[in-house]
Amino acid sequence: MKQTLSELMRMSRICRMVFATCLGSFILVIFYFQSMFQPVMRRNPFVVDGCCRKGSRNALQELYNPSQPEFSGAAVLHEARRDQVMDACRVYSASSRKRRVLTPGDLKHLVVDEDHELIYCYVPKVACTNWKRVMMVLTGRGKYSDPMEIPSNEAHVPSNLKTLNQYSIPEINHRLKNYLKFLFVREPFERLVSAYRNKFTLKYNSSFHKRFGTRIVRRYRKNATQDALLNGADVKFKEFAEYLVDPATQRDGPLNEHWQTVYQLCHPCHIHYDLVGKYETLEEDANYILRLVGVGNTLRFPSYAKSTRTTDAMTAQFFSNISTQQQLQLYQLYKLDFLMFNYSTPSYLRLD
């Protein structure tokens with residue numbers, strides 16, 4: 001009897017040990033997958049896990065440790081831009097209780113180029129059509145040679161480019177660690193007015209008129225005509241601004257990508273971007289990336305039509321037609337983009 005009891009107690013201890021081991025392993029797996037998407041703000045860029053083709057230097061190494069004197073000045077500039085983003089993220093994380101772990105669904109704006117080990121987060125209204133064209137040339141393996149020969153609508157076909165959310169979690173983690181990651185940003189209110197002009201003042205964007213214009217007119221226009229309610233083709237900037245700052249809009253879900261913040265689209269406080277290009281120095285920054293990649297002699301970034309560009313003066317005119325309260329609310333909405341990317345508060349705002 002004593003022997004049987006002793007054996008039962010020994011079996012019970014063994015079961016408890018097995019259970020504890022399994023539970024510990026399960027917890028470790030959870031922390032492993034969460035750590036995949038935790039912020040990586042500082043790292044040694046010279047320790048690269050198997051990222052490079054044998055006997056060659058990739059773009060990531062050229063950025064952090066330039067082998068050519070012409071790259072040195074730009075490297076200092078982009079280090080300052082990275083530091084600006086990191087400083088803003090620290091301030092934001094210290095003042096906010098909002099903490100979250102990224103999921104693969106948050107990575108649908110990150111375009112991957114396997115051949116050149118690049119990840120590009122596209123931001124609408126920041127030359128993203130031309131950047132997608134360039135990425136199609138880089139990833140097309142000879143199918144395309146001139147970006148401007150690619151129709152703009154073809155550049156936006158999802159199947160023409162591979163995005164990071166299409167990979168497994170280990171594959172995502174490897175690429176986030178080892179590929180050069182870049183994005184392009186723009187003065188937030190210029191980008192906002194550019195989106196408004198493109199989506200609400202041009203006749204060919206009838207899908208946006210139907211999807212968003214009719215909703216805006218219905219909510220914010222008194223005595224709207226039946227035509228306006230039906231077609232939504234004449235949305236005023238004041239109405240658009242009211243829509244953006246309305247708490248009801250936030251409850252509807254994420255903003256449309258054309259006026260969503262860069263912070264929400266590209267997650268720069270979770271993903272360490274190696275290079276932040278600016279719309280104001282678009283061609284210079286874009287061609288610097290292409291030289292880092294090693295294709296600068298054969299591929300140039302397309303120039304853009306400056307005559308149609310939304311300017312600071314144009315933006316100021318649009319903002320003069322909305323109330324001080326709306327100006328303040330819009331600034332609060334886009335404040336992180338102003339801080340992260342070193343854009344000063346516009347002088348035309350009435351924030352006092």
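Observations on the structure shown:
- Any hit, region 67-83, residues being open to solvent by 30 Å² or more (accessible area, probe 1.4 Å), assigned by the TED database to the domain that holds Leu336, over 14 Å from His270 (Cα atoms) and not in a helix (DSSP H, G or I): yes
Here's the yes/no breakdown for (1) touching a Lys or Arg at 6+ places or on another chain (Cβ under 7 Å); (2) over 15 Å from Ile271 (Cβ atoms); (3) in the same structural domain as Thr281 (by the TED database):
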{"position": "Leu107", "(1), (2), (3)": "no, no, yes"}
{"position": "Glu114", "(1), (2), (3)": "no, yes, yes"}
{"position": "Leu118", "(1), (2), (3)": "no, no, yes"}
{"position": "Asn130", "(1), (2), (3)": "no, yes, yes"}
{"position": "Val137", "(1), (2), (3)": "no, yes, yes"}
{"position": "Arg141", "(1), (2), (3)": "no, yes, yes"}
{"position": "Ala155", "(1), (2), (3)": "yes, yes, yes"}
{"position": "Asn165", "(1), (2), (3)": "yes, no, yes"}
{"position": "Glu190", "(1), (2), (3)": "no, yes, yes"}
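- Any hit, region 281-288, residues being open to solvent by less than 60 Å² (accessible area, probe 1.4 Å), under 17 Å from Lys125 (Cα atoms), free of Cβ contacts under 8 Å to residues at least 12 places away in the same chain and in a helix (DSSP H, G or I): yes
- Residue within region 181-189 that is under 24 Å from Leu255 (Cβ atoms), in a helix (DSSP H, G or I) and under 26 Å from the mean Cα position of the chain (by Cα) present: yes
- Scope region 210-244; condition open to solvent by less than 10 Å² (accessible area, probe 1.4 Å), in a helix (DSSP H, G or I) and without any contact (Cβ under 8 Å) to a residue 24 or more places away in the chain; matching residues: Gly213, Val217, Ala228
- Residue that is touching a residue at least 24 places away in the same chain (Cβ under 8 Å) and among the hydroxyl-bearing types (Ser, Thr, Tyr), where the choices are Ser194, Ser207, Ser159, Ser152: Ser194
- Total residues in region 129-164 satisfying the condition of being in contact with a His (Cβ under 9 Å, 6 or more places away or on another chain) and in a helix (DSSP H, G or I): the figure is 5.
- Residue within region 323-330 that is touching a helix residue (DSSP H, G or I) at 6+ places or on another chain (Cβ under 6 Å), assigned by the TED database to the domain that holds Cys89 and among the small types (Gly, Ala, Ser) present: no
- From Leu336, Leu330, Leu299, Leu349, residue being open to solvent by less than 70 Å² (accessible area, probe 1.4 Å), more than 21 Å from His156 (Cβ to Cβ) and part of a loop (DSSP other than H, G, I, E, B): Leu349
The values are calculated or read from the model by the stated rules, or taken from the named source; none is laboratory data. The structure displayed is predicted, hence computed values, not measured ones. Methodologically, a virtual Cβ is constructed for each residue, glycine included, from the backbone with ideal geometry; neighbour enumeration extends over all protein chains shown. Just the protein is used for accessible areas: all its heavy atoms, side chains included, with ligands, DNA and RNA removed. Shrake-Rupley method; radii C 1.70, N 1.55, O 1.52, S 1.80 Å.
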